[in-house]
1. Which one of these is within 31 Å of the chain's Cα centre (by Cα) and exposed (fewer than 14 other Cβ atoms within 10 Å of the Cβ): GLU707, GLU717?
2. More than 30 Å from LEU135 (Cα to Cα) and within 42 Å of the chain's Cα centre (by Cα) - does that describe any residue in the stretch 259-267?
3. Do you know which residues across the stretch 746-797 are of a type in the set (A, V, I, L, M), under 29 Å from PRO572 (Cβ atoms) and assigned to a strand (DSSP E or B)?
4. Run down SER754, SER738 and say which single residue is over 25 Å from the mean Cα position of the chain (by Cα), crowded, with 16+ Cβ neighbours inside 10 Å, modelled with pLDDT under 65 and over 25 Å from ARG317 (Cβ atoms).
5. Checking VAL225 against (1) at pLDDT 95 or above; (2) part of a loop (DSSP other than H, G, I, E, B), only one condition comes out false. Which one?
6. For residues that are part of a helix (DSSP H, G or I), farther than 13 Å from LEU665 by Cβ and in contact with a Ser or Thr (Cβ under 7 Å, 6 or more places away or on another chain), tally how many sit in the stretch 675-726.
7. Checking ILE311 against (1) more than 23 Å from VAL233 (Cα to Cα); (2) at pLDDT below 90; (3) out of contact with any helix residue (DSSP H, G or I) (no Cβ under 7 Å at 6 or more places or on another chain); (4) open to solvent by 10 Å² or more (accessible area, probe 1.4 Å), which single condition isn't satisfied?
8. Which residues, taken from the stretch 197-222, are of a type in the set (Val, Ile, Thr) and either assigned to a strand (DSSP E or B) or free of Cβ contacts under 8 Å to residues at least 60 places away in the same chain (or both)?
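The values are calculated or read from the model by the stated rules, or taken from the named source; none is laboratory data. Everything numeric here is computed off the predicted structure, so don't read it as measured data. Heads up, the Cβs are rebuilt from the backbone with ideal geometry, glycines too, and the neighbour counts pull from every protein chain shown. What goes into the accessible areas is simple: the full protein's heavy atoms, side chains included, and nothing from ligands, DNA or RNA. Shrake-Rupley method; radii C 1.70, N 1.55, O 1.52, S 1.80 Å.
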Amino acid sequence: MQLAASFADPHAPLATLTGGKGANLAKLTQAGLPVPDGFVVTAEAYSLFERDAAALLEPVDRFPFTDSAALELRCEQLVGQLVSLPVPAAVIAAIREKLPLLALDTPVSVRSSATTEDLGGAAFAGQHDTYLNVLGLDDIVDKVRHCWASLWSGRAVVYRRGSGFTLREARMAVVVQRMAFCDSAGVGFSFNPISGNLREQVFDANHGLGESVVGGEAQIDHFVVEKATGNIVHAAIAEKHEKIVAAGAGTSGTRTVELTGAERTEPCLTAAQVKELSQLLVGVERLYGFPQDIEWGFENGQVRLLQSRPITRIPARWTREESAERFPSVITPLAWALVEDGFHKSLNYSFALMGMPPFHGKWFAMFGHYIYGNQNAVEVYANGAASHLKIASIADIMAALPTLREQYGWVLELPLTWSRDLDHYLIQIGELMSEDLERSSTAEVWDFVKRVRDLGAEYFLPNIAISITQRTLYRVLHGLLQMAAGAEQAPVLFDRLLAYCETKTGAINKELHRFARRIAQLPALVAQLESTDAAEFLRRGGFEPHPALQATFNRFLRDHGHREVEFDPYHPTWIDAPELVVENLKAMLHSHREDPAIKERELKIVMAETESVIVSRVPEDLRFLVREIIRLARVYTSLDDVEHYQTTRLTLPLRKGLKMLGVRLRVLGVIDDPMDVYFAQYEPLDNAVKANNPDVWHALRIQIQAEKAAYLQRRNESPAWESGVPADAAPQDAGIASEGLPAGSGVLKGLAGSPGTASGPVYRVFGSEDFGKFPQGAVLVARTTNPAWTPLFFKAAAVITECGGPLSHGAVTAREIGLPAVMSVRGVLAALENGEVVTVNGTTGQVVRQS
């Protein structure tokens with residue numbers, strides 16, 4: 001057993017050995033940051049003590065957790081018994097052996113470091129004991145024992161259970177560190193925890209030791225700092241009454257001293273010290289790739305880093321930046337409630353897979369039936385994911401080669417494990433679709449819906465990791481291309497390397513294209529399709545006079561009928577609205593695009609030739625890695641599309657269950673239209689099904705009617721870009737801009753999505769109801785697109801979207817087909833009118849209005 005480990009010990013950064021605080025201090029020390037010397041009495045040492053205390057700890061699972069006063073008393077008694085036990089002799093010997101690292105008779109701090117604290121899941125701030133200015137071996141051993149016992153204080157037990165840990169799950173390591181006799185000290189946050197501004201840092205400070213700041217009982221100076229420069233943005237200088245300092249010479253512990261004179265009112269930090277702290281905190285955040293909360297001090301003018309831990313709560317800033325592409329339109333409340341929990345479970349499953357801290361709170365939330373993303377969380381985790389693979393130079397890559405497979409082996413395994421688990425999911429889908437709900441009670445139908453939800457949540461667990469990994473691989477590949485060919489050529493080479501990837505969307509488009517070519521050989525059928533509305537065409541028999549075509553149509557719906565047009569299952573899929581497939585076929589009849597199979601061959605040749613050129617430009621030792629990154633970028637591009645395709649299979653059993661539930665609620669008089677069940681909120685509906693009495697059903701009816709009215713009103717409104725900010729207050733630099741020209745003229749700016757230039761009349765598409773009206777050669781303008789929109793691309797001259805970026809479906813498909821595309825032109829649906837002519841430059845990301 002390793003009973004003690006210095007901060008320099010290669011095993012010390014393991015939280016299972018040295019606890020959260022000890023592991024962080026070891027990591028900071030080994031990164032060369034200014035941490036006072038120290039060592040950790042490990043969690044294995046605590047295990048020896050715990051073994052000796054087994055009889056005392058045996059009843060803890062039966063403590064009175066529902067009675068706070070009784071629980072506090074029992075814990076107080078237990079702590080008293082634990083501190084009376086002897087420290088194992090082997091542990092005392094291990095401490096004695098490490099003390100020379102700190103110099104003889106050096107005063108130390110002794111601080112708890114539980115294996116559950118200072119991690120991403122929970123901070124445990126202030127829950128366990130800390131002792132300052134501890135002198136001599138005997139005093140250190142005694143304080144180690146008190147730290148061990150503090151694991152069982154009333155507050156620590158309550159916090160542990162409330163954070164989801166079992167009582168016996170935590171073990172206690174203890175940090176023993178050279179005491180820093182600070183002239184001023186405090187805490188720092190790498191973003192503003194009040195406003196949520198990620199570009200600011202916040203420091204709280206006082207004279208003396210930092211305990212007066214950490215404890216929250218003293219007046220402190222407060223500094224808000226611009227992260228990029230270290231300049232003070234705002235300072236609130238308090239009238240400070242007291243400070244905490246070390247006790248007198250030869251005496252352990254601390255004492256409180258009253259402040260007098262200028263020390264009470266003058267800042268306890270200079271501007272230069274604030275800037276030094278800012279730079280230190282930037283370095284700590286860069287080391288972890290995640291926002292940090294640090295404790296620091298200045299000792300004789302030298303900065304000391306005393307602690308760092310991840311910030312476990314990120315203030316929300318709700319915008320449409322992350323959500324607008326995924327959720328462009330209004331969503332019914334029940335549909336969102338049935339997917340939201342599964343999404344957030346997948347989020348933390350994916351973060352754990354990627355070695356990132358868990359996320360607390362909501363990533364997406366509904367406001368006014370539109371979905372908004374927590375943009376602060378998005379930026380924090382995106383930066384964290386990017387920091388895990390830093391591509392700065394060929395030398396950096398060469399140095400990282402020995403650890404890459406160990407760190408990122410899951411990237412290789414995830415496509416295989418996802419494919420393995422897909423079979424179980426598809427079998428479960430089949431079983432749900434085969435269930436007969438006709439004789440089921442309302443409660444049984446509602447249970448069916450919840451089983452569909454639970455299956456979706458289980459299947460979806462790794463799917464966000466797929467999307468994040470795809471984006472990360474794209475960044476890495478782009479970085480490699482910049483090093484190999486320069487910044488100017490990198491985007492061109494990137495597009496060529498990923499010009500074609502096997503996707504379900506591509507396969508479906510090929511099927512539709514071949515189907516359309518067969519129809520084109522029958523002029524009378526073409527004329528009938530052109531002169532008849534798609535729904536009316538099917539009502540009149542559709543393809544029935546042509547048995548071979550009808551068989552192809554039926555097979556297509558069997559295979560792909562779950563394809564959604566909107567995220568919300570309130571809207572029909574292809575199987576429920578086959579006229580949408582007919583509209584796609586009509587769109588392809590007059591497309592002048594070449595056969596997808598021919599285009600596919602050309603793109604594959606381009607990819608192969610480009611890959612050979614790139615690989616030849618990198619050192620021999622890196623060629624396998626570069627080929628692997630290219631291969632994985634293609635694999636994850638395909639997997640991201642296939643994952644979405646398979647996810648939408650859930651829509652069929654979900655619509656089946658909700659349709660039957662709607663029928664049941666109509667019989668009960670709760671709703672008039674079975675589809676109105678989608679306007680129920682989850683909790684009221686769940687409670688009503690359980691209660692099953694007229695008063696509760698009536699209350700649900702009123703709620704559904706109000707929700708539906710609000711939904712119908714908001715459906716035709718443009719949502720504000722930031723929740724709480726009017727829709728017309730969006731900043732110009734984030735969307736429509738025109739080199740000083742007013743909105744409504746000049747140049748509209750977005751992100752380059754697919755290279756090339758094309759001109760044509762605008763046609764705005766708000767939903768599937770506009771598909772059949774889309775004219776040949778028009779510029780497709782939409783809030784966003786999804787794979788079901790792809791056939792429109794074959795009629796379009798170019799594509800413009802309000803949201804999404806170069807990795808979105810619209811951009812990827814446009815590049816594959818060869819259409820110019822500009823993405824993320826905020827407000828473009830309101831700015832442009834049908835029929836006006838624009839020139840789309842997909843290389844520069846500009847849309848020029850023709851005067």
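1. Matching residue, one of GLU707, GLU717: GLU717.
2. yes
3. Once the filter is applied, which keeps residues that are of a type in the set (A, V, I, L, M), under 29 Å from PRO572 (Cβ atoms) and assigned to a strand (DSSP E or B), the stretch 746-797 yields VAL762, VAL765, VAL779, LEU780, VAL781, ALA782.
4. On inspection, the qualifying residue turns out to be SER738.
5. Single failed check for VAL225: (2).
6. Looking only at that region, the number is 1.
7. Only one criterion is unmet by ILE311, namely (1).
8. Of everything in the stretch 197-222, those that are of a type in the set (Val, Ile, Thr) and either assigned to a strand (DSSP E or B) or free of Cβ contacts under 8 Å to residues at least 60 places away in the same chain (or both) turn out to be VAL202, VAL213, ILE220.
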